[in-house]
Amino acid sequence: PPLASGGPLPKMTPAFGRFLGYYIGEGSLTARGGVVVSQCPEANPEPHADIVRLFAECFNKTPKHPESCDLRLYDTHLRRWLADNGLGYCSSKDRVVPPCILQATEESSREFLRALFEGEGHVSKSHIEYSTASEELGRQVQIMLLRFGIVAKRAPKYVKKYPDNTYWRLTICGQDAELFQSRLGFISTRKQEALRAC
């Protein structure tokens, strides 16, 4: 059932899995019971509209200022659930895949990965890349991809702007990029076209 204030969270569904993918990639908690997922409507109109739709489908609510980059939903129950499941009060290097996703159906796992790569993935001329500050998150996503037969190379990534931090990069190329396209794929037309060109 839709989330009512103080009521039960929705059961794991592909839509809720997709919401969690966006949240892990682009979300955070704020003061006063706020949950934020960021996506610029000018640069990424399709993912932005998708997140607004997911707020309505999963929680029966509309984010405050739905036209803005920061889509905010004030719901202390949801905020507490995210925090209790390791998705809230931590830095980006401590983020992990939610346990409910690790135990989810194939379809819910697929939607989680699609949203995660939509937010944080990049397509170059030769490969797909996903980067994260969390070594554990990178390892978990690498294992989740194997569920779909997709092999990704994981290696440290050093960013000049943050010399004291080590990031982790997953690289998908060749036949595995083709499998990513057929079994997962991106949400936005822009990244779908970039992947076809790759």
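Once the Cα atoms are used to define both axes, helix 135-146 deviates from the longest principal axis of the chain by about 70 degrees.
The calculated FRET efficiency for the pair Ser182 and Val159, based on their C-beta separation and a Förster distance of 35 Å, comes to about 0.65. When the solvent-accessible area of the chain is split by element, carbon and sulfur atoms take up 51 percent of it, the probe being 1.4 Å.
Dividing the mean sequence gap of close Cα pairs (under 8 Å, 6+ apart) by how many residues the chain holds gives a relative contact order of 21 percent. Simple spin-label estimate for Arg80 and Ser126 gives 5.2 nm between the two label positions (7 Å along the Cα-to-Cβ direction from each Cα).
Does the range 14-73 come out rounded, prolate or oblate, given a ≥ b ≥ c as the square roots of the eigenvalues of its C-alpha gyration tensor, rounded meaning a/c under 1.5 and, failing that, prolate meaning a/b above b/c? It comes out rounded by the Cα gyration axes.
Rounded to the nearest 10 degrees, the angle from helix 45-59 to the longest Cα principal axis of the chain is 40 degrees. Using only the Cα atoms of the range 81-198, build the gyration tensor, take square roots of its eigenvalues as a ≥ b ≥ c, and label the shape rounded, prolate or oblate: rounded if a/c is under 1.5, else prolate if a/b is larger than b/c, else oblate. It comes out oblate by the Cα gyration axes. Measuring with a 1.4 angstrom probe and ignoring ligands and nucleic acids, Glu129 comes out at about 30 Å² accessible.
For the range 10-159, taking Cα atoms only, Rg and Dmax work out to 14.9, 44 Å respectively.
Taking trypsin sites (Lys or Arg not before Pro) as exposed when their DSSP state is a loop state and no more than 12 other Cβ atoms lie within 10 Å, the longest site-free interval of the chain runs over 33-124. Once both labels are positioned 7 Å from their Cα atoms along Cα-to-Cβ, the gap between Glu106 and Leu146 label points is 1.7 nm. Placing Ile143, Ile187, Ile172 in order of accessible area, with the largest value first and a 1.4 Å probe, yields Ile143, Ile187, Ile172.
Cross-link partners of Lys157 among lysines, defined as those whose alpha carbon lies under 26 angstrom from its own and excluding same-chain residues fewer than eight positions apart: Lys93, Lys125, Lys191. Residues considered: Gly33, Gly138, Gly25. Largest GNM mean-square fluctuation over the chain, using C-alpha springs under 10 Å, is found at Gly33.
Rounded to the nearest 500, the 222 nm mean residue ellipticity of the chain from helices alone is -13000 deg cm²/dmol, with -39,500 (n - 2.57) taken per DSSP H run of at least 4 residues.
The values are calculated or read from the model by the stated rules, or taken from the named source; none is laboratory data. Only a predicted model underlies this, so the values are computations on that prediction, with no experimental measurement involved. Glycine gets a Cβ as well: all are built from the backbone with ideal geometry, and neighbour counts include every protein chain shown. Side chains are part of the model used for accessible areas, which takes the heavy atoms of the whole protein and leaves out ligands, DNA and RNA. Shrake-Rupley method; radii C 1.70, N 1.55, O 1.52, S 1.80 Å.
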